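S.K.: My questions will all concern the structure given below.
The values are calculated or read from the model by the stated rules, or taken from the named source; none is laboratory data. Predicted model, so just to flag it, every value in this text is computed and none were measured. With ideal geometry, Cβ positions are generated from the backbone for all residues, glycine too; neighbour counts draw on all protein chains shown. Surface accessibility is based on the protein's heavy atoms, side chains included, excluding ligands, DNA and RNA. Shrake-Rupley method; radii C 1.70, N 1.55, O 1.52, S 1.80 Å.
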Amino acid sequence: MKNVWKKIDSINLNSSKECLDMLLKKKYVISPWINNIFKGNQFKFDKINFPVSLVRYSLKELNFNNQTELLKVYEKSKDMGLELVPPQIALYTRLIYDEQPKGEWLRFATPLKSMIDTDGVPHLPKFGNALGLYFIETYWAYEKAIFHPHNEFVFVKKNT
């Protein structure tokens, strides 16, 4: 099992709306989908069991050597004892991940159908750093969405 990448012991926010406001204040670029999803659903932080330990895995590290579907990635991660990331934890992590290398896109393995926009489309969050800006974007979260061995995902490492 990989070492913890980020450990979150507590969050002094009440809702995803507060988190969005902080991201905007820091001049982070928030996609219209992230804005739509997190403003429309008040994800609460008080429902989280802290601490939350986050780990990063490329699909290659999960033993996927060819493109694969999202559901297979999630099934493999579960077999490895990893958990999916609550959407509000993914959003908050953008606030604390400011050492991101330029050109990196980092996806968060959030539960399927946990982030649905008002058009009914499921998403998962992804972070980027480019043009001197930090982004929080989305990618489609269909079971058959395709990802490649170099794609990297964040998961929750169970607290032991």
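S.K.: For Asn14 and His148, FRET efficiency with R0 = 30 Å and r from the beta-carbon atoms, rounded to 0.05? The partial results should precede the final answer.
M.R.: Numbers: r = 37 Å, r/R0 = 1.25.
Computed FRET efficiency for His148 and Asn14 comes out at 0.20.
S.K.: If the label point is 7 Å along Cα→Cβ of Asn49, which residues in region 74-91 have backbone nitrogen under 14 Å from it?
M.R.: 82-86
S.K.: Per residue and in Å³, how big is the convex hull formed by the alpha-carbon atoms of region 75-160? Walk me through the intermediate numbers first.
M.R.: Working: hull volume 10.4 nm³, N = 86.
For region 75-160, the hull spanned by Cα atoms encloses 121 Å³ per residue.
S.K.: If you don't mind, there's one more thing I want to ask. Helix-only estimate, please: 222 nm mean residue ellipticity of the chain, summing -39500 (n - 2.57) across DSSP H runs of length 4 or more and dividing by its residues, to the nearest 500.
M.R.: Rounded to the nearest 500, it is -7000 deg cm²/dmol.
S.K.: OK, next. Give me the 1.4 Å probe accessible area per residue for the chain, excluding ligands and nucleic acids, in Å².
M.R.: Values: 8370 Å² over 160 residues.
Value returned for the chain: 52 Å² of accessible area per residue.
S.K.: Could you grab the relative contact order for region 93-160? Cα pairs under 8 Å, six or more apart, rounded to a whole percent.
M.R.: 33 percent
S.K.: While we're looking at this one, here's another question. Kindly provide the Kirkwood hydrodynamic radius of region 1-89 in Å, to one decimal, from all pairs of distinct alpha carbon atoms.
M.R.: Numbers: mean 1/r = 0.0657 Å⁻¹.
One decimal place: 15.2 Å for the Kirkwood radius.
S.K.: By its C-alpha gyration tensor, with a ≥ b ≥ c as the square roots of the eigenvalues, how is the chain shaped: rounded for a/c under 1.5, else prolate for a/b larger than b/c, else oblate?
M.R.: rounded
S.K.: Using 0.36 nm per residue, how much length does the chain from Lys78 to Ile96 gain when fully extended, once their Cα-Cα distance is taken away?
M.R.: Using 0.36 nm per residue and subtracting the Cα-Cα distance, I get 3.9 nm.
S.K.: Another question, then. Take Lys2 and Lys60, extend 7 Å from each Cα along the Cα→Cβ direction, and tell me the distance between the two endpoints in nm.
M.R.: Roughly 1.3 nm, to one decimal.
S.K.: Please label the shape of region 51-112 as rounded, prolate or oblate, based on the square roots a ≥ b ≥ c of the eigenvalues of the alpha-carbon gyration tensor (a/c under 1.5 means rounded; beyond that, a/b larger than b/c means prolate, else oblate).
M.R.: oblate
S.K.: Continuing with the same structure: By a straight-distance test (C-alpha under 18 Å), which aspartates and glutamates pair with Lys26 as possible cross-link partners, with residues fewer than eight away in the same chain excluded?
M.R.: Glu18, Asp98, Glu99, Glu137
S.K.: For Lys157, tell me the accessible area in Å² from a 1.4 Å probe, rounded to the nearest 10.
M.R.: Near enough 50 Å² of accessible area.
S.K.: Same structure, new question: Report in % the part of the accessible area of the chain that belongs to carbon and sulfur, leaving out ligands and nucleic acids; probe 1.4 Å.
M.R.: Within the chain, the accessible surface is 50 percent carbon and sulfur.
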